[in-house]
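Asker: Pasting a structure here, questions to come.
The values are calculated or read from the model by the stated rules, or taken from the named source; none is laboratory data. Nothing here was measured: the structure is a model prediction, and the numbers come from that model. Don't worry about glycine lacking a Cβ; one is built from the backbone with ideal geometry, like all the others, and counts go over all protein chains shown. Only protein heavy atoms, including side chains, enter the accessible area calculation; ligands, DNA and RNA are left aside. Shrake-Rupley method; radii C 1.70, N 1.55, O 1.52, S 1.80 Å.
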Amino acid sequence: MCGIVGYVGCKEAQPILVNCLKRLEYRGYDSCGLALLGDGLQVYKDAVRIGELEKVLPPNGGRVGIGHTRWATHGRPSKVNAHPHVDCRGELAVVHNGIISNFLALRERLVSEGHHFSSETDTEVLPHLIEKYYRGNLEEAVRRALQDVEGSYAIAVIHRKNNGELIAARHESPLLIGLGDGENFLASDAPALVEYTDRVVYLEDGDLVVMHGEGLKISNQGREVVRKEHHLEWTAKDVGKAGYEHFMLKEIHEQPGVIEEMVGECVSTIEPAVNLEVSIDRTVDGILLLACGTSYYAAMVGQQVLEEVARLPVRVELASEFSYSRTVVGRTLAIAISQSGETADTNRALKKARELGCRTMAITNVRDSTVTRIAEQSFYTKAGPEISVAATKSFTAQLIAFYLIALSLAEVDAGTFRRLTQELRLLPSKVQRVLDSEKVIAGYGRRLSGYESVFYVARGISYPVALEGALKIKEIAYIHAEGYAAGELKHGPFALLREKFPVVALIFRDDTYEAMLSTIKEIKARESPVLALAEEGDQEIAKYVDYVLPLPQTDRLFAPVVTSVALQLLAYFAARSRGCPIDTPRNLAKSVTVE
Ligand code: M6R
């Protein structure tokens, strides 16, 4: 977790670093800080958001600086634990994303050697180690210090005596360099840099960089290396709010465009075919899907789609649990699903699958993210940058990825194939119709905001959508919510139902309809208010529930897309009524880079 940034060049560093940090706040925002080389080394930090710190920053003409936005792992969110961290003399400063796993032993050793620590963080061992090895050459001191360190890191270091220079290094935490004219930038993720440059270099594990305004040198294991320059596809417009009050609302509204682009690129309009950049070996015995959070729910939908359309056996595992399982895999294709590509649990699970002999693939929204370095091949969803912590368009894009993969491996007759691809092409307009009913959904959201708990229930392919709907409202509106397979309610959760406990029911006229109706009747008998998300034209449902939100009809397989967009809006408006910080919910961060 955490985001780091750096600047060295011909301009004033402070406003650039502040701006870059604002773009990285989705990685954590419980405290932040800057270190600048102007008249000596100045450090400004506090347990506030960057927008707050900005208000109290004194002018600083320094042209070299580093910055950090934190999601606490070691040490509570506080001013002393905020980065940058400095050495005993306050001459050098370090920002760090990752975890130094041997920090306790290093700290003990450094303390016994006379170093003074002021924070509870693992990071603070770094400035003291660098101080210990510093003899005027900062690059060498950092290189030597990192030899003592175990764990993961992306770091940036500056030193009072080396003005005009910034040293950076990475090992298992993302880091990229932005190339400018007479200036260079550093960031944990591309959205931080899009306003300044579209030329970037992604660093590899073990890379150590010496950056100046006029150039940079990358080395790995002491040998100079050249890393390929990439062109950023995302622009400043993509990372702005485009007039929306929140990134989340903007991202929800971008979904028809995302689907259209993904489907348009892969589904041929000339012949009935789906063409992907990845090539999947159909002769594997089965597919293993690994993911966390919202991506896990996308995988649960993906499982059903792949099994039904591609007729392949599919298992879904929570990546955070997979590491501990004594699982047996055959000739399996393991697919990690991760919007950010940086989720530590997911990456670790994929590594384990690789070690077990699985073929590997990633479905991710971020090019060159860590997961793409673990997987043999990657399917890129085209959702564009997602800034709000709550996943919305990236979830839909993952669902579309599964439809496309399943159709590319389809074991269905030509008529079914044509019907499914046609239906896929119609999805953007159906999602747009859900967005058009925003005002109605906002009303239901406001109503829900008055409750403390809510159940989301569904059956079949909509069950994972119920789980995702519950996660969304929990995450951004702080309403206790649980998703249930409708048939499970009677095995315990029924005990909670009463007038003050609403239920959101997802009901579609497929083979689950009658069973869902029975559940709804049972719920109503316990006096819970019920909001049903049902298909347009379903005349029956209104007889049994309190409120109905009609949704466009679609093939059963694609219902999760339409429904989840409605549930995203429901959560969004509930959160807005409650005055929650929608894009940056408490205690969360977008990329969870710790296990
Ligand atoms: O980047 P990933 O898709 O790997 O992230 C996994 C989860 O952390 C993520 O989906 C999380 O649950 C979202 N904040 C939910 O909105």
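Asker: Run the numbers on the range 232-373 and let me know its relative contact order in percent, using alpha-carbon pairs under 8 Å that are six or more apart.
Answerer: Reported relative contact order: 19 percent.
Asker: Here's something else I'd like to know. What part of the accessible area of the range 373-480, given as a whole %, is carbon or sulfur when the probe is 1.4 angstrom?
Answerer: 50 percent
Asker: How long is the gain from GLN422 to GLU120 if the chain were fully straight, where each residue apart is worth 0.36 nm and the alpha carbon distance is subtracted? Could the numbers behind the result be given before it?
Answerer: On the way: separation 302, 0.36 × 302 = 108.72 nm, distance 5.72 nm.
Between GLN422 and GLU120, full extension yields 103.0 nm more.
Asker: Which of GLY182, ILE270, LEU104 sits closest to the plus end of the dipole of the chain, meaning its Cα is farthest towards the positive end, when Lys and Arg get +1 and Asp and Glu get -1 on the C-beta?
Answerer: LEU104
Asker: Calculate the length of the line joining the C-alpha centroid of the range 71-146 to that of the range 372-408, in whole Å.
Answerer: Answer, in whole Å: 37.
Asker: Also, I was wondering about something else. Taking a point 7 angstrom from the Cα of GLU113 along the C-beta vector, which residues in the range 141-164 have backbone N less than 16 Å away?
Answerer: 141-150
Asker: Let me ask something additional. For LYS490, list the lysines whose Cα falls under 27 Å from its own Cα; do not include residues on the same chain fewer than 8 positions away.
Answerer: Cα-Cα hits under 27 Å: LYS472, LYS474, LYS500, LYS521, LYS524, LYS543.
Asker: Counting heavy atoms of the protein chains only and a 1.4 Å probe, report the per residue accessible area for the range 464-595 as a whole number of Å².
Answerer: Computed with neighbouring chains in place, this is 37 Å² per residue.
Asker: Round to a whole number: what % of the accessible area of the range 76-217 belongs to carbon and sulfur, probe 1.4 Å?
Answerer: 45 percent
Asker: Assuming 0.36 nm per residue, please report the length gained on full extension of the stretch GLU527 to ASP555 beyond their Cα-Cα distance. Present the calculation step by step, with values, prior to reporting the outcome.
Answerer: Details: separation 28, 0.36 × 28 = 10.08 nm, distance 3.22 nm.
Taking 0.36 nm per residue and subtracting the Cα distance, the gain is 6.9 nm.
Asker: Roughly what would the spin-label model give for TYR547 and VAL412, points 7 Å off Cα along C-beta, in nm?
Answerer: Going by the 7 Å Cα→Cβ label model, 3.3 nm.
Asker: For the chain, what is the calculated [θ] at 222 nm in deg cm²/dmol (nearest 500), taking -39500 (n - 2.57) for each run of four or more DSSP H residues and dividing by its residue count?
Answerer: -10000 deg cm²/dmol, from helical runs alone.
Asker: For the range 417-428, just list the computed ³J(HN,Hα) in residue order, Karplus coefficients 6.51, -1.76 and 1.60, θ = phi - 60°, integers in Hz, with x standing in for Gly and Pro.
Answerer: So the Karplus estimates, Gly and Pro as x, are 4, 5, 4, 5, 5, 5, 5, 4, 5, 7, 4, x Hz.
Asker: Also, I was wondering about something else. Determine the gain in length on full extension of the stretch ARG586-VAL43; use 0.36 nm per residue of separation and subtract their C-alpha separation, reporting nm with one decimal.
Answerer: In short, 192.9 nm is gained.
Asker: Nearest 0.05, what FRET efficiency do ARG135 and THR73 give at R0 = 25 Å with Cβ-Cβ as r?
Answerer: The calculated FRET efficiency here is 0.20.
Asker: Using only Cα atoms and rounding to the nearest 10 degrees, what angle (0 to 90) does helix 559-577 make with the longest principal axis of the chain?
Answerer: The helix 559-577 is inclined about 60 degrees to the chain.
Asker: Please give the peptides 57-65, 397-405 ranked by average Cβ packing (other Cβ atoms within 10 Å per residue), highest first, as a rough proxy for protection.
Answerer: On the way: 57-65: 17.1, 397-405: 26.3.
Most protected by this proxy first, the peptides run 397-405, 57-65.
Asker: Run the numbers on the range 524-582 and let me know its relative contact order in percent, using alpha-carbon pairs under 8 Å that are six or more apart.
Answerer: On the way: 48 pairs, mean separation 14.1, N = 59.
It rounds to 24 percent for the range 524-582.
Asker: To continue, here is another question. Could you please report the charge total around ALA566, scoring K, R as +1 and D, E as -1 over all other residues with beta-carbon less than 14 angstrom from its beta-carbon?
Answerer: Counting the neighbours of ALA566, the net charge comes to -1.
Asker: Ranked from highest to lowest mean number of other Cβ atoms within 10 Å per residue, what is the order of the peptides 251-262, 143-154?
Answerer: Details: 251-262: 22.2, 143-154: 18.2.
Order by mean packing, descending: 251-262, 143-154.
Asker: Treating the angle as unsigned and between 0 and 90°, give the value, to the nearest 10°, between the Cα long axis of helix 513-525 and the longest Cα principal axis of the chain.
Answerer: Once rounded, the angle reads 80 degrees.
Asker: Continuing with the same structure: In whole angstrom, how far apart do the alpha carbon centroids of the range 425-493 and the range 182-199 sit?
Answerer: Result: 37 Å between the Cα centres.
Asker: Relative contact order (percent) for the chain, with alpha-carbon contacts under 8 angstrom and 6 or more residues of separation?
Answerer: Once normalised by length, the contact order is 12 percent.
Asker: How far is helix 255-266 tilted, in degrees, relative to the longest principal axis of the Cα atoms in the chain, given as a value from 0 to 90 rounded to the nearest 10?
Answerer: Here the helix axis deviates by roughly 90 degrees.
Asker: In whole Hz, with x marking every Gly and Pro, tabulate ³J(HN,Hα) for the range 185-190 from phi via Karplus 6.51 cos²θ - 1.76 cosθ + 1.60, θ = phi - 60°.
Answerer: 10, 9, 7, 6, 8, 4
Asker: So how strong a dipole does the chain carry about its Cα centre when Lys and Arg Cβ are +1 and Asp and Glu Cβ are -1, to the nearest 20 debye?
Answerer: 800 debye
Asker: VAL457's amide H: which non-local residues (gap 5+, or another chain) put their own amide H closer than 5 Å, with H modeled 1.01 Å from N in plane and none for Pro or chain starts?
Answerer: For VAL457, the qualifying residues are TYR484, VAL504, ALA505, LEU506.
Asker: What FRET efficiency, computed as 1/(1 + (r/R0)^6) with R0 = 60 Å and r the Cβ-Cβ distance, is obtained for GLN377 and TYR478, rounded to the nearest 0.05?
Answerer: Efficiency for this residue pair is about 0.95.
Asker: While we're looking at this one, here's another question. Do any chymotrypsin sites (Phe, Trp or Tyr not before Pro) in the range 68-118 lie in a DSSP loop with no more than 12 other beta carbon atoms within 10 Å, and if so, which?
Answerer: Sites meeting the loop and neighbour criteria: none at all.
Asker: Counting only other residues whose beta carbon sits under 13 Å from that of GLN221, what net charge do I get with K and R as +1, D and E as -1?
Answerer: Charge balance near GLN221 sits at -2.
Asker: Pick out, from THR69, CYS88, VAL125, the residue whose Cα sits farthest towards the positive end of the charge dipole of the range 1-133, with +1 on the Cβ of Lys and Arg and -1 on the Cβ of Asp and Glu.
Answerer: Comparing the listed Cα positions along the dipole, THR69 ranks first.
Asker: Now a separate question. If packing is taken as the mean number of other Cβ atoms within 10 Å per residue, what is the order of 515-522, 433-440, highest first?
Answerer: 515-522, 433-440
Asker: Taking R0 as 25 Å, what FRET efficiency do you get between VAL56 and ARG199 from their Cβ-Cβ distance, rounded to the nearest 0.05?
Answerer: 0.15
Asker: Measuring with a 1.4 Å probe in the full set of protein chains, what accessible area per residue, in whole Å², belongs to the range 105-231?
Answerer: Heavy-atom accessible area per residue stands at 41 Å².
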